[in-house]
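Data block below; observations after.
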Amino acid sequence: MVVATDTRQTPMAAVEAAQSDQPLPPEAAVLRLHHVNAYYGPRRVVRDISLDIARNSITAIIGPSGSGKSTLLRCMDRMHEVVPHARATGLIEYRGIDLYDKRVDPAAVRRSIGMVFQQPNPFPTMSIFDNVAAPARFNGLVHGRNEAADLVERCLRQAALWDEVKDKLRQSGTSLSGGQQQRLCIARALALAPDVLLMDEPCSALDPVATLQIEQLMTDLRADYTIVIVTHNMQQASRVSDRTAFLTMGEDGAGYLVEEGPTGRIFTQPREQLTEDYISGRFG
Amino acid sequence: MAVEFSTLLKPTSRARRLKSDFVVVLAVAATLIAVIPLAAVSLYVISSGAGVVSLDFFTQDPPGDLSAAGGGIRNAIAGTLEMTALATAFAAPTGILIAIFDTEVGGRVATGTRLFIDVMAALPSIVVGIFVYSLVVVTQGHFSGFAGSVALAAIMLPVIVISTEEMLRLIPRPISEGARALGLRRWRTYLSVYIPTAMSGIFTGLLLAVSRAIGETAPLLFTSLGNNFFTTDINEPMQGMPLLIYRNALNSAFPAARDRAMGAALTLVVMVLAFNLLGRWLVARRRPGRNPGR
């Protein structure tokens, strides 16, 4: 029997759970952050953040510059530690597994948890085709020409780019416009069949038309993926996300979580004065 | 205070224009100072060498007595090509791997290697020759083309390491992070993303190293020694073009020797130029098409 609140059953049920103002049931969370701190050398930039990321939904992380949004996001796929002298403490559980367990291979984490960056970054020496196919091939997900061609078409369709590039797959990925490049990067991430997609201000280098295309795309992808998006654009957060987490910078210079909840409530009835001030533009 | 937009209409002051013109003149003069000797040498080599070069010049070996007319430089061309190719085969992979080690691993060992490479780059080439003499020639008991290759490789190595390191450092962070975020292994990231991205730069450094090695005389003096006969056997003493030029030019009192030296010099210059053009063309061709078509 299908129970509507059993979030293991359907993506729709998961979205409803994410959008409801009830506390998120633990089984609805893909990623669970417990008391996460992040540092660059001796400097703490993220302070004691605990947060659950709901499955099959879009979680927006908003907040002013310097509030640690991107760093927090980068902790979720272990990209934070790529920066020299950067480290994180606390516990991040991904489907019940401690991501920072010694036995966990960070490369494997990044295959399950994909990332899209602020600047579109297609590989400049690869064609559009290879940008999508090569990472999947390197990770042993596809073998042979035909399988690769199928994968490329499927991912480019999913990223709503296929019709624009199908006749020039051999051209360089960098020959595309900024918005197209960003969708190519999304297709590249999707080609690894990730479970979670982390997006770090994916639209901040794009014009409004391209931004709208990416937002539409995110809504379409929600059925199959869990998406976390960092944005400094509050309209964007309210348009696309199911849940919103608001971060701000404390007096010690580290970002902390002010409040988190379904997007509808955060934007209409925030519980914290800080959130209300930020959302209504009275941030000081 | 309001901005004085009316100044836009005022002519630029005379002093300012003079200063600007002065700097332009300086820049042009500096360029000429650099280009004039280069052009003079090129013209001299072409005018003295062009009359010597013929098909026979490339297909015959020199006469036993270098004061005698006739003969060619076939043995020297073959020797130089073989030794340079072998030296590249030694130095290119080693140099690129050292550069990857220095940029990726870092730490104290890498600092040590980098210092060592810098010292190596500053070493006079004659010292490299003597070093390889004691290392290879003395050990083997005879001069050889192999020893020459090792000496040339030692000349090329620091050039390749330094230029490759520079190129790897220039890879934009979004590109390297993009590769890491896709869960690619480190070696895969290098092989398929970093090296191709930096390829044109690495290749330019490689060409620079080849061009440098191909014209070196000093490292060959004590290693490949020179050989008046044609050989491709790497274990025998081997003639190189710079050696041939050096020996014949020393005897330029004899018109035949002088002509042979100038002809060989012209051949060497054209060879280096051809290598460079070929390399650039190859690099340009490897990129995915920016123009339509599949």
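Take the conditions more than 14 Å from chain B (Cβ to nearest Cβ), under 22 Å from A:VAL258 (Cα atoms) and not in a helix (DSSP H, G or I) and apply them to A:LEU72. Does it pass? Considered against the rule, which asks whether it is more than 14 Å from chain B (Cβ to nearest Cβ), under 22 Å from A:VAL258 (Cα atoms) and not in a helix (DSSP H, G or I), A:LEU72 comes out as no.
In region A:64-109, the qualifying residues are those that are in contact (Cβ under 8 Å) with a residue 60 or more places away in the chain and of a type in the set (Asp, Glu), and the one that is farthest from A:LEU24 (Cα to Cα) is A:ASP77. State yes or no: is A:GLU81 assigned to a strand (DSSP E or B), more than 9 Å from chain B (Cβ to nearest Cβ) and either crowded, with 23+ Cβ neighbours inside 10 Å or under 19 Å from the mean Cα position of the chain (by Cα) (or both)? When the stated conditions are applied, A:GLU81 does not pass them. Scanning region B:220-230 for residues that are closer than 19 Å to B:VAL132 by Cβ and not in a helix (DSSP H, G or I) yields B:PHE222, B:THR223, B:SER224, B:LEU225, B:GLY226, B:ASN227. Residues in region B:133-148 that are hydrophobic (A, V, I, L, M, F, W, C) and under 11 Å from B:SER224 (Cβ atoms): B:VAL136, B:VAL137, B:PHE143, B:PHE146, B:ALA147. Residue pairs whose Cβ atoms lie under 6 Å apart, sitting 6 or more positions apart in sequence or on different chains, and linking a residue in region B:189-206 that is under 20 Å from A:VAL132 (Cβ atoms) and modelled with pLDDT of 90 or more to a partner that is among the β-branched types (Val, Ile, Thr) and surrounded by fewer than 19 Cβ atoms within 10 Å (Cβ to Cβ), are B:TYR194/B:ILE171. Applying the selection to region A:170-190, what residues are in contact with a helix residue (DSSP H, G or I) (Cβ under 7 Å, 6 or more places away or on another chain), in a loop (DSSP other than H, G, I, E, B) and either within 9 Å of another protein chain (Cβ to nearest Cβ) or surrounded by fewer than 21 Cβ atoms within 10 Å (Cβ to Cβ) (or both)? If the condition is that a residue be in contact with a helix residue (DSSP H, G or I) (Cβ under 7 Å, 6 or more places away or on another chain), in a loop (DSSP other than H, G, I, E, B) and either within 9 Å of another protein chain (Cβ to nearest Cβ) or surrounded by fewer than 21 Cβ atoms within 10 Å (Cβ to Cβ) (or both), then A:ARG170, A:GLN171 are the ones that fit.
Could you figure out which of (1) under 26 Å from A:GLY178 (Cα atoms); (2) more than 11 Å from chain B (Cβ to nearest Cβ); (3) in contact (Cβ under 8 Å) with a residue 60 or more places away in the chain; (4) outside any strand (DSSP E or B) isn't true of A:ILE61? A:ILE61 satisfies every listed condition except (4).
Going by the conditions given, is A:GLY63 within 18 Å of A:VAL230 (Cβ to Cβ) and modelled with pLDDT of 90 or more? For A:GLY63, the condition - within 18 Å of A:VAL230 (Cβ to Cβ) and modelled with pLDDT of 90 or more - is met.
Residues in region A:193-202 that are surrounded by fewer than 23 Cβ atoms within 10 Å (Cβ to Cβ) and in a loop (DSSP other than H, G, I, E, B) were compared, and the one that is nearest to the chain's Cα centre (by Cα) is A:GLU201. Here A:ASP167 passes the criteria (1) within 11 Å of chain B (Cβ to nearest Cβ); (2) in contact with a Gly (Cβ under 8 Å, 6 or more places away or on another chain) except the one numbered (2).
The values are calculated or read from the model by the stated rules, or taken from the named source; none is laboratory data. Values in this document were obtained by computation on a predicted structure and should not be read as measured data. FYI the Cβ positions are ideal-geometry reconstructions off the backbone, even for glycines, and counts take in every protein chain you see.
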